[in-house]
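As structure tokens, the structure follows; a few thoughts come after it.
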Amino acid sequence: MLNKALIEDVLQAALETGGDFSEVFVEDRYTNHMVLQNSRLEKNLSGRDFGVGIRVFHGLQSVYAYTNDFSRAGLLKAARTAAKAIQGKKDGKTTIIPLLKESVTMLHPIKIMPTEAAKSRKLAVMRNANDIIRNYDPEIVQAIVNLIDEEQNVLIANSEGKFVEDQRVRSRMSMVSIASDGADMQTGFYGPGAYQGFEFIENLDLNHYAKESARIAKTMLHADPAPSGKFPVIIDNEFGGVIFHEACGHSLEASSVAKNASVFANKIGEKVASDLVTYIDDGTLENEWGSLNIDDEGEKSRKNVLIEDGILKGYMIDKLNGRRMGMESTGSSRRQSYRFAPTSRMTNTYIAPGKSTPEEIIADTEFGIYAKYMGGGSVNPGTGDFNFAINEAYLVKNGKIEKPLRGATLIGNGAKTILDIDRVGNNLGHGAGMCGASSGSLPVNVGQPMVRVSEITVGGKEA
């Protein structure tokens, strides 16, 4: 991508004003995005993006610059521009350590690179999903199928001698179904993704995913309004984990912990969750959507146990916030692209499985709400207060799932909710999503088995 001698010169130029650490991130990314709507191919875009990010530290001061000009003059100009913002000691200039190439263990095998699969093969899978949705029921009036794949090649080098290259390949297909009875409309969604090539798309079980998308839309079309009040709430596996990703996971990232902007700051060793809860971030899970070989600072991805049996064990830490906290990086530094400085972010974050079966949890609930599929929401990262929509909900009465409900929202606080979990199932599942934060939008998995929270405020239309 760039030769080692040039990168060493750029790293050194970035330290000319007294910085004590410099880093170069080189990215070459190929992307493809296709949209099939109303049985027509409405979008068919491919592209390539190349650029270089340069970061300089002086103590806890950080400056970031990026450029698309990868000529020697262009890179040195960007490095010196970043260096000008550093107020270091010019008489104590840092000298870089000669770069030494590190090997990367490929944890996520790829069989068919996205660029090797003809668009006609991709379109054939999309049309199959479209047909399954549209043929599901006469009340399904629209199907939208998105296919996104990408190949990201990165080179990361720093003034401490690190020089490492990696290739990331991801594929995702999302299916949206819209049901209507002429007076009302409801939507169903399913969007599986993986750190895999076209083999993931070609092997998708469309009879499950596409039908499930259509089934959700039709079921919610005929659902009753949800009640409002405080109830036990059962949240099913896979994307149900989005609540704990947003309301707890972000508060365990060093970007908030280091600034004491997290309810979990300075609480390592303290009880912060139910004894039933072990919460993990693991970027090494083979071929999962949020996985990595190395993070965006070149550190090996790893399994980080954040909470174990209710006790806070650690945080997700990047290099800069590690300096602020006096702690080592945990391989958790990520960025959307070279246009963003990296910071601590989640990969595949999940609640570990417990011992209860889903049937036991339902049967043990006298009256409550069952959230089969969660939707989007909002969180105040400083307090953990959240508000999430339930895409598919049911009333639970006398230990049985009864009628479907729509319009339900969950309102609560992440730190309290994770203490109020009183049952954890044995059916761990992961769901693919995109997470937006200061270093951009990133692929992440949220996951959990079925869990029951003893009480959450449910917002609905009926008192």
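The values are calculated or read from the model by the stated rules, or taken from the named source; none is laboratory data. Since we're looking at a predicted model, the values are computed, not measured. We place every Cβ from the backbone using ideal geometry, glycine too, and count neighbours over all the protein chains shown. For accessibility, only protein heavy atoms count, side chains too; no ligands or nucleic acids. Shrake-Rupley method; radii C 1.70, N 1.55, O 1.52, S 1.80 Å.
Pairs linking a residue in segment 350-372 that is crowded, with 17+ Cβ neighbours inside 10 Å to a residue that is aromatic (Phe, Trp, Tyr), with Cβ atoms under 6 Å and 6 or more positions apart or on different chains, are Ile351/Tyr279; Gly368/Phe231; Ile369/Phe231; Tyr370/Tyr394. Exactly one residue out of Ser213, Ser174, Ser159 is of a type in the set (Ser, Thr, Tyr), under 18 Å from Ala432 (Cα atoms) and either touching a Leu at 6+ places or on another chain (Cβ under 7 Å) or surrounded by 23 or more Cβ atoms within 10 Å (Cβ to Cβ) (or both): that is Ser213. Pairs meeting the criteria (first residue in segment 50-70 and free of Cβ contacts under 8 Å to residues at least 40 places away in the same chain and over 20 Å from Gln87 (Cα atoms), second residue acidic (Asp, Glu) and assigned to a strand (DSSP E or B), beta carbons under 9 Å, at least 6 apart or on different chains) are Phe50/Glu27; Phe50/Asp28; Asn68/Asp49.
Here Asn260 meets the list (1) more than 18 Å from Leu147 (Cα to Cα); (2) in contact (Cβ under 8 Å) with a residue 40 or more places away in the chain almost entirely, failing just condition (2).
Leu41 satisfies every condition listed in (1) surrounded by fewer than 20 Cβ atoms within 10 Å (Cβ to Cβ); (2) under 17 Å from Ser22 (Cα atoms); (3) in contact (Cβ under 8 Å) with a residue 24 or more places away in the chain except (2).
Scanning segment 244-282 for residues that are open to solvent by 50 Å² or more (accessible area, probe 1.4 Å), within 14 Å of Ile307 (Cα to Cα) and among the acidic types (Asp, Glu) returns Glu270, Asp275. Scanning segment 50-73 for residues that are among the β-branched types (Val, Ile, Thr) and open to solvent by 20 Å² or more (accessible area, probe 1.4 Å) yields a total of 2. When segment 227-243 is filtered for residues that are modelled with pLDDT under 95, surrounded by 21 or more Cβ atoms within 10 Å (Cβ to Cβ) and in contact with a Leu (Cβ under 8 Å, 6 or more places away or on another chain), only Ile243 remains.
Out of Asn135, Asn153, one residue alone is surrounded by fewer than 19 Cβ atoms within 10 Å (Cβ to Cβ), closer than 30 Å to Asp184 by Cβ, modelled with pLDDT of 95 or more and out of contact with any Ser or Thr (no Cβ under 9 Å at 6 or more places or on another chain). It is Asn135.
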